[in-house]
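Take a look at the structure below.
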Amino acid sequence: MTRTFTCIICPNGCEITAQYEGTRVDAIEGATCPKGADYVRQELTDPRRNIATSILVEGGELPLVSVRLDKPIPKKDIFRVMEAINQLKVTAPTVIGQVVLPDVCGLGANVIITKNVAAL
Amino acid sequence: MQQNYDVVIIGGGVVGSAIARELSRYRLRIAVLEKESDVCTQTSGRNTGMLHAGFLYKTGTLKAICAVEGNQEFDQVAAELDIPFKRTGKLIVGFTDEDRQRLENFKARGEANGVKGLEIIDRKRMDELDPSAGGNFAMWCPASGILDPFLYTIALAENAVHNGVEYHLNCAFTGETRQADGTHLLHTTQGDVSTRWVVNSAGLNSAVVSEQLGIPGYVIKPVKGEYFVLDKLAGQYAKIPVYPAPNPDNTFDTHATPTVDGNVLVGPDSQLARDFQDYESTQAAMDGLIESGSRMFKHMDRSYFIRNFAGIRPKRIDPETGVVQDFVLECRDEVPGVVNLVGIESPGLTSALPLARRAVALIAQREVLTPNPNFDPVRHGIRRFADMSDEERAQAIAENPDYGEIYCRCEKVTRAEILQAIHNPLGVHTVNGVKVRTRATMGRCQGGYCETRITEALHQELGEAFARIDLGPQGSWMFTGSVKGGDQA
Amino acid sequence: MNVERHQAVVVGGGPAGLAAAIQLREKGIDDVVILEREHRTGGILRQCIHDGFGLTRFGETLSGPEYAQRFVDRAEELGIPCLTDTTVLTLEADRTLTASGPAGLRKIQGDAVILTMGCRERTRGALAIPGSRPAGIYTAGVAQEYINLRNLMVGREVVILGSGDIGLIMARRMTLEGAHVKGVYEVQPYPSGLPRNIEQCLNDYNIPLHLSHTVTDIHGRERLEGVTISQVDEHFRPIPGTEERVDCDTLILSVGLIPAGDIANGSGLAVDGRTKGAFVDEHYQTNLPGVFSAGNVLHVHDLVDFVSLEAEALAAAAAEYLKQGSLPPCPLEVKAGKNVGHVIPQRISGKRGFTLSLRVRQPMKKVTLTVTQNGREVLRRKFPKALPAEMIQLAVAAEKLETTGDLEVSVE
């Protein structure tokens, strides 16, 4: 089988053409760095993504504080994780890196704060 | 709404608001019914903002008489109402011998109408006046001027309110029942009101309202005109309005007009509108404006485009011949208690106060009006940071720190002005209401920087839920609600 | 009115301004001040909550606010004064700035003035899209501010015009927040955003991208009710008969960014019609002596990492200017040759190495970039592909340059 991937690891966005059988990659063309091959292998076996959103913050100078995951989760779980994040709420001040939900949905990734929001 | 009025005015455009203001000189209970969310959303706000001189109209018509009268008094009007106005003069340019003949004819007509200072000038003189104007020769009309049609209408309405008139916004007139005592019971979308007098200044709907009030037979043709608004960077090349020689039917083709704020308007064209709400811009008309506008204005460049809009002129026509007719201003004995204005189109902005005085006179011929001893003709507008000197700015900020906080970057509108606009005397609570009162969102970024601040301020100042904030007309919601819950939306 | 004086005045506390100010201090310029119109520094990154920033600059992938905070923290450590809530109104040729804030109106003159105001979004009016003017039409950045900073959802059924990166990012953001993004329409035959954003923002969520399509009509009087989409020919003219109505309550525009150098209108600052930013030399100095410009106000970047690096290069040159009182003259022109949309810098000395930035006019594969001077090749580099969405940056070494003769950059 042959398929063309757009690598999302870095802004170069290499177009990588891979020949594969099931999850076994036989040949790769177009990657300008070794991460390309890893990305293709991951996409074939278990595609993963990070997501970013916001949660409510109480008593802060902004109504929302941004969050993201500290490692990618399976693509198929994105909306399940969004539902879990949508239940979250924190109190200002918030600090970058603060974990607001460890091991979201048992997927091994933490939801972390990505913005310092001062208290009012 | 109060139930009994002496006069109810249907339509709060520039003419209705001028009538309200002139009637407030007398001891009368007056209300204005406006079906839209603000007073200048239709024909009154959708035009070139031109103070016409009156050379175009047939001698002796109301259009000619009112335009000349309105033009001559406008310096005082602008001062009383505290609105931006510039008597720029106007060039009506020609290319051909035929054009020259028409310009000569209009000069003669203008002089007969009482327009002062008209001259036919050559290219050399045109270059002195405005080198960016196209054409080989021109008629120079020093009496013409430019004004802000939004602020003029708003100022008339605010002055009327200041003198006791009530405005009912989002209140559409739906019909009339004549009562046994001769008074009118007016049906509206906000309930019934009774009144001794009704004034029809419904603009685009004036023929329909006229019929509802018992005077059928008028035919209004909606004629749409589209415009481009150009950046102030183009405005530096446009000093005075430049019009082409009028067509044989006395209409003007596309022209380029500097606005009183320093932008340039290119337009309008002229096309039959689909209906009275057909404000859509069309590709064909835009292409036409680019082509014809380039002949009038040498700097008609895409990089200067910041916005398009369309307006509709309610042209009263003879149903038999289709020929455009004069303004109607009447009070018929067989339909007592009704002052009827139909087909007020250009030069309606210039003619608004002269028409208003004549409307008041029609009432005064039928009953004695008692002067309102408290009438105050002066209205104060929102002081604009953009118009201040550095010293004035420093002083304004010292007095009110909100004058230092820039909300609209492009037009240099401060938080202080936004807050004054939100708490306007008419009770208009929309984003567009703030826009037309302050110019915020009217610059080259079109609200990219300030719109979020304006909606926040509307929420904060009025305690209005975000989901209930409208851009302009009722139903023009901007937000479905909050993203993540919480109490603010 | 009193005029405050500083060695370096930085206009804008976004990624470019923060990086420039920090670098100026690190190069030994003690008196540096930042003017920022918002209540907080960080600029547009404050609302760019997605990840993918910092790979070049920090070797890790961060969200926008995290990326910005690293510079904010460093500026605080260095004690760089930052006047927030201060909007610069005008720049004059003598490097005097007039700025306004609730604390008052002030005039500030810098021995060097650093312009780092970023960019703004192209609007519906600039495109002159026909149709009505209902509520529900937002530029991508405004929608992003409402959704990410103000907790306000702008619509449910969404059409996106333009495939710029912010539009792609917003397609994913709005989908994650429960909106239905019906499609992204791009007038060009190729996407204008980065390939990885097409992949992770559209393809991941099954959002269709329609190339060579545009919005030709807008429907609805109060709130948006739908748009008409048409296919376009190679001259971007709608093809009659291809019109299709798509019902939606929201139209997001991601149709280009324009440097926001408005404060310099009237100062005599020379602007390049291609970039809409200033003409600069290899020191990022404009035609006004002592006025420098970098980041998105100079030319629109696709990656913030390059904004920071460019601002740091500017600061190094500005520090030299402040210490020496001048910089080497730059009489040689750098010309955009075949297939090149624009170049930065537009002028060089011919005596020093410099960073060349450029964008190609259309997507190409297996290309060779050449820089020539006096008919001689100064630099030659092969790339597997070149896209208008991706800025190309490379270093040109001093030893390859001659001190006379203009440069020409071409891609074939």
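The values are calculated or read from the model by the stated rules, or taken from the named source; none is laboratory data. A quick note: this is a predicted structure, and the numbers were derived from the prediction, not measured. For neighbour counting, all protein chains shown are included, and Cβ atoms are generated from backbone atoms with ideal geometry for every residue, glycine included.
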Worksheet item: Which residue, of B:Gly182, B:Gly217, is part of a loop (DSSP other than H, G, I, E, B), at pLDDT below 95 and either in the same structural domain as B:Arg21 (by TED's automatic domain parsing) or under 29 Å from B:Lys315 (Cβ atoms) (or both)?
Response: B:Gly182
Discussion item. Quick check on this structure: which one of B:Ala467, B:Ala457 is more than 23 Å from B:Lys412 (Cα to Cα), hydrophobic (A, V, I, L, M, F, W, C), more than 7 Å from chain C (Cβ to nearest Cβ) and in a helix (DSSP H, G or I)?
Written reply: B:Ala467
Worksheet item: What are the residue pairs meeting all of these: first residue in region B:280-305, first residue without any contact (Cβ under 8 Å) to a residue 24 or more places away in the chain and closer than 21 Å to C:Pro238 by Cβ, second residue surrounded by 17 or more Cβ atoms within 10 Å (Cβ to Cβ) and of a type outside the set (Lys, Arg), Cβ atoms under 6 Å, and 6 or more apart or on different chains?
Response: B:Gln283/C:Pro130
Worksheet entry | Enumerated strands (runs of 3 or more DSSP E) restricted to region A:1-110, each holding at least 2 residues that are closer than 19 Å to C:Asp51 by Cβ | A:52-58, A:64-69, A:99-101
Worksheet item: Only one residue in B:Thr438, B:Thr430, B:Thr414, B:Thr480 is in contact with a Phe, Trp or Tyr (Cβ under 9 Å, 6 or more places away or on another chain), polar (S, T, N, Q) and within 11 Å of chain C (Cβ to nearest Cβ), so which one is that?
Response: B:Thr414
Worksheet, complete the sentence: Taking region B:404-423 and keeping only residues that are touching a residue at least 40 places away in the same chain (Cβ under 8 Å) and over 25 Å from the mean Cα position of the chain (by Cα), one is left with B:Tyr407, B:Arg409, B:Arg415
Practice prompt. Quickly run through region C:104-136 and pick out the residues that are in contact with a Lys or Arg (Cβ under 6 Å, 6 or more places away or on another chain) and either more than 7 Å from chain B (Cβ to nearest Cβ) or among the aromatic types (Phe, Trp, Tyr) (or both).
Written response: C:Gln109, C:Gly110, C:Val113, C:Gly136
Discussion item. So for region B:309-325 (the condition being buried (at least 18 other Cβ atoms within 10 Å of the Cβ), within 12 Å of another protein chain (Cβ to nearest Cβ) and not hydrophobic (A, V, I, L, M, F, W, C)), does at least one residue qualify?
Written reply: no
Fill in: Flag if B:Tyr26 is touching a Lys or Arg at 6+ places or on another chain (Cβ under 9 Å) and hydroxyl-bearing (Ser, Thr, Tyr)
no
Discussion item. Are there helices (runs of 4 or more DSSP H) fully within region B:15-124 with at least 3 residues that are surrounded by 19 or more Cβ atoms within 10 Å (Cβ to Cβ) and more than 17 Å from the chain's Cα centre (by Cα)? List them.
Written reply: B:62-72, B:97-113
Discussion item. Being in contact with a Leu (Cβ under 9 Å, 6 or more places away or on another chain) and over 24 Å from C:Pro331 (Cα atoms) is the requirement here; does C:Leu257 meet it?
Written reply: no
Worksheet item: For region C:341-366, what are the residues that are surrounded by 19 or more Cβ atoms within 10 Å (Cβ to Cβ) and farther than 28 Å from C:Leu327 by Cα?
Response: C:Val360
Worksheet item: Is it fair to say C:Leu269 is surrounded by 19 or more Cβ atoms within 10 Å (Cβ to Cβ), in the same structural domain as C:Leu35 (by TED's automatic domain parsing) and in contact (Cβ under 8 Å) with a residue 40 or more places away in the chain?
Response: yes
Discussion item. For region C:215-317, give me every one of the strands (runs of 3 or more DSSP E) that falls completely inside it and has 2 or more residues that are at pLDDT 95 or above and farther than 25 Å from C:Leu387 by Cβ.
Written reply: C:226-231, C:244-247, C:250-253, C:291-293
Item to complete: Would you mind finding the one in A:Ala52, A:Ala119, A:Ala92, A:Ala18 that is surrounded by 14 or more Cβ atoms within 10 Å (Cβ to Cβ), closer than 20 Å to C:Gly42 by Cα and away from chain C (no Cβ under 13 Å)?
Response: A:Ala92
Worksheet entry | Residue check for B:Asn113: polar (S, T, N, Q) and in contact with a helix residue (DSSP H, G or I) (Cβ under 8 Å, 6 or more places away or on another chain) | yes
Worksheet item: Could you say whether any residue in region B:386-407 is more than 14 Å from chain C (Cβ to nearest Cβ) and touching a Lys or Arg at 6+ places or on another chain (Cβ under 6 Å)?
Response: no
Worksheet, complete the sentence: When region C:108-134 is checked residue by residue, the ones that are part of a strand (DSSP E or B), out of contact with any Asp or Glu (no Cβ under 7 Å at 6 or more places or on another chain) and farther than 16 Å from C:Ile34 by Cβ are C:Cys119, C:Arg120, C:Glu121
Practice prompt. Mind listing just one residue for me: the one in region C:49-67 that is surrounded by fewer than 24 Cβ atoms within 10 Å (Cβ to Cβ) and of a type in the set (A, V, I, L, M) and, of those, nearest to the other protein chains (Cβ to nearest Cβ)?
Written response: C:Leu55
Worksheet entry | Residues located in region B:415-433, provided they are of a type outside the set (A, V, I, L, M, F, W, C) and touching a strand residue (DSSP E or B) at 6+ places or on another chain (Cβ under 6 Å) | B:Arg415, B:Thr430
Worksheet item: Can you spot a residue in region C:335-342 that is at pLDDT below 95 and in a strand (DSSP E or B)?
Response: no
Response to the item:
So, first residue under 15 Å from B:Arg102 (Cβ atoms) and without any contact (Cβ under 8 Å) to a residue 24 or more places away in the chain in region B:238-257, second residue of a type in the set (Gly, Ala, Ser) and assigned to a loop (DSSP other than H, G, I, E, B), Cβ within less than 8 Å, six or more apart or across chains; the pairs are B:Thr251/B:Ser270
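Okay, residues lined up against (1) of a type in the set (Val, Ile, Thr); (2) in the same structural domain as C:Leu288 (by TED's automatic domain parsing):
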position: C:Met174; (1), (2): no, no
position: C:Val184; (1), (2): yes, no
position: C:Gln188; (1), (2): no, no
position: C:Leu211; (1), (2): no, no
position: C:Glu222; (1), (2): no, no
position: C:Gly226; (1), (2): no, no
position: C:Arg237; (1), (2): no, no
position: C:Thr250; (1), (2): yes, no
position: C:Gly261; (1), (2): no, yes
Worksheet item: How do the pairs read when you match residues in region C:151-168 that are more than 14 Å from chain A (Cβ to nearest Cβ) with residues anywhere that are among the hydroxyl-bearing types (Ser, Thr, Tyr) and part of a helix (DSSP H, G or I), using Cβ under 8 Å and keeping only pairs 6 or more apart or on different chains?
Response: C:Val154/C:Tyr146
Worksheet item: Inside region B:264-282, can you point out the residues that are surrounded by 24 or more Cβ atoms within 10 Å (Cβ to Cβ) and in a loop (DSSP other than H, G, I, E, B)?
Response: B:Pro268
Worksheet, complete the sentence: Within region C:169-193, restricting to residues that are assigned to a loop (DSSP other than H, G, I, E, B) and not small (Gly, Ala, Ser), the one that is surrounded by the most Cβ atoms within 10 Å (Cβ to Cβ) is C:Pro191
Discussion item. Quick test for you: out of B:Ile306, B:Ile363, pick the one residue that is under 30 Å from B:Asp130 (Cβ atoms), in contact with a helix residue (DSSP H, G or I) (Cβ under 9 Å, 6 or more places away or on another chain) and modelled with pLDDT of 95 or more.
Written reply: B:Ile306
